[in-house]
1. What number of residues within segment 1-40 satisfy the criterion of being part of a loop (DSSP other than H, G, I, E, B) and either in contact (Cβ under 8 Å) with a residue 40 or more places away in the chain or of a type in the set (A, V, I, L, M) (or both)?
2. Every residue in segment 1-33 that is within 13 Å of G46 (Cα to Cα) and of a type in the set (V, I, T), please.
3. Within segment 20-39, which residues are surrounded by 15 or more Cβ atoms within 10 Å (Cβ to Cβ), over 11 Å from the mean Cα position of the chain (by Cα) and at pLDDT below 90?
Amino acid sequence: MPDLKEQIEKLEEMTGPELKAAYMAVFKERPHSHRHQWLKNRIAWGIQAKTEKGISKRFIKHGLENADLSELRATAPRTT
């Protein structure tokens, strides 16, 4: 399995349909946006959260006070 950095770097080369498929693989639901940069950011966040078993302590410690939390999930993804 590729490491976290390699997985995230691969996102830059993906087409729109590939990004949508990757989003569905990570979150088990259809994406709420079709913008490429939004998809890349969300997929990278999801991959990192799964790899590191949740949000990093560094983000919690340093990022929350300055983070834009408007797009963070309030509920778990729907299961199919």
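The values are calculated or read from the model by the stated rules, or taken from the named source; none is laboratory data. Note that the coordinates shown come from a computational prediction; the quantities given were computed from them, not determined experimentally. Heads up, the Cβs are rebuilt from the backbone with ideal geometry, glycines too, and the neighbour counts pull from every protein chain shown.
1. Matching residues across segment 1-40 total 4.
2. I8, V26
3. Result: no residue meets the conditions.
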